[in-house]
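Right, one structure below, let's go through it.
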Amino acid sequence: YILPGTPDRYIQITSFEEGSDRYGLIIDKTEEVRKYRELELKLHRDELTGLYSRYFFYRQIEQLFQEPEKLGHAMMLMVDSDDLKIVNDTYGHETGDRYLCRMADALRTVEAENKIIARLGGDEFAMFIYGVKDDSKLQAYIERLKTVRSETVLAPKNGEIFPVRFSVGYAFLKESADYHELLEKADSRMYADKQKRKKTVDKTITRLSEREEVL
């Protein structure tokens, strides 16, 4: 039972009989409930980014796919950073953590009404968008994320500003009714996007080097 007032207090009431008499026992369970809720929060949320945890993401997806009428038009997105190791090695892990938080912020800008965003671990993120009227709206969300990707930056403590780069892959629900397959397809396309973007970055670096030689 919850007692009225602030902060909340929780009690457990137990009754038992002994002969013709009835007794009641009241136990304060506030601390036990508090610790349970703290543990539950840790299981549900990624402490660094505030996004859902891997555990909670898979649990929610499992429940949703058991109620396909809720899915409508949907898609799975996989997102992975391009430069986290370089950031960690150059500026330290504190800046690397801020880099990951900026990625999380970028994912939050996708204003889908029904979405589940999670940090699966390390620099890997996932987002599932569902309950959308048509695929064209899903495509608009993809374009929104790509636009944000080109605009997101991070300023280390020394004042230097550099872009937050990440690769994106996605798969539409119409491609498979199995969310495991959707994750695999989205992950494969994310990797292809990463390879394509890496070539573009390499070409840019080459052109800049050539320009410096000329100058």
Whether any residue in region 190-211 is surrounded by fewer than 15 Cβ atoms within 10 Å (Cβ to Cβ), at pLDDT below 60 and not in a helix (DSSP H, G or I) is what I want to check.
no
Just to check your reading of the model, which residue among Leu77, Leu48 is crowded, with 17+ Cβ neighbours inside 10 Å, within 20 Å of the chain's Cα centre (by Cα) and under 25 Å from Glu124 (Cβ atoms)?
Leu77
Can you report the number of residues in region 80-104 which are under 21 Å from Arg197 (Cα atoms), open to solvent by 10 Å² or more (accessible area, probe 1.4 Å) and in contact with a Ser or Thr (Cβ under 9 Å, 6 or more places away or on another chain)?
4
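One line per residue, one yes/no per condition, for (1) under 25 Å from Ala155 (Cα atoms); (2) touching a Lys or Arg at 6+ places or on another chain (Cβ under 7 Å):
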{"site": "Gln63", "(1), (2)": "no, no"}
{"site": "His73", "(1), (2)": "no, yes"}
{"site": "Met76", "(1), (2)": "no, no"}
{"site": "Lys85", "(1), (2)": "yes, no"}
{"site": "Thr90", "(1), (2)": "yes, no"}
{"site": "Asp105", "(1), (2)": "yes, no"}
{"site": "Arg108", "(1), (2)": "yes, no"}
{"site": "Asn114", "(1), (2)": "no, no"}
{"site": "Phe125", "(1), (2)": "yes, yes"}
Pair list, Cβ < 8 Å and 6+ apart or interchain, from region 128-153 residues that are open to solvent by less than 30 Å² (accessible area, probe 1.4 Å) to residues that are of a type in the set (S, T, N, Q) and not in a helix (DSSP H, G or I)
Ile129/Asn114; Val132/Asn114; Leu145/Thr109; Val148/Thr109
Could you list, ordered by first residue, the pairs with Cβ atoms under 6 Å in which the first is in region 56-68 and touching a residue at least 12 places away in the same chain (Cβ under 8 Å) and the second is assigned to a helix (DSSP H, G or I) and surrounded by 14 or more Cβ atoms within 10 Å (Cβ to Cβ), at least 6 apart or interchain?
Phe56/His44; Ile61/Tyr179; Phe65/Tyr179
Please tell me if Glu17 is acidic (Asp, Glu), assigned to a strand (DSSP E or B), without any contact (Cβ under 8 Å) to a residue 60 or more places away in the chain and touching a strand residue (DSSP E or B) at 6+ places or on another chain (Cβ under 9 Å).
yes
Within region 110-130, track down each residue that is modelled with pLDDT under 95 and either out of contact with any Phe, Trp or Tyr (no Cβ under 9 Å at 6 or more places or on another chain) or among the polar types (S, T, N, Q) (or both).
Glu113, Gly121, Gly122
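The values are calculated or read from the model by the stated rules, or taken from the named source; none is laboratory data. Keep in mind that this is a model prediction, so the values were computed, not measured. Virtual Cβ from ideal backbone geometry, glycine too; neighbours counted across all protein chains shown. For the accessible areas, the whole protein counts, side chains as well, though only heavy atoms, and no ligand, DNA or RNA atoms are used. Shrake-Rupley method; radii C 1.70, N 1.55, O 1.52, S 1.80 Å.
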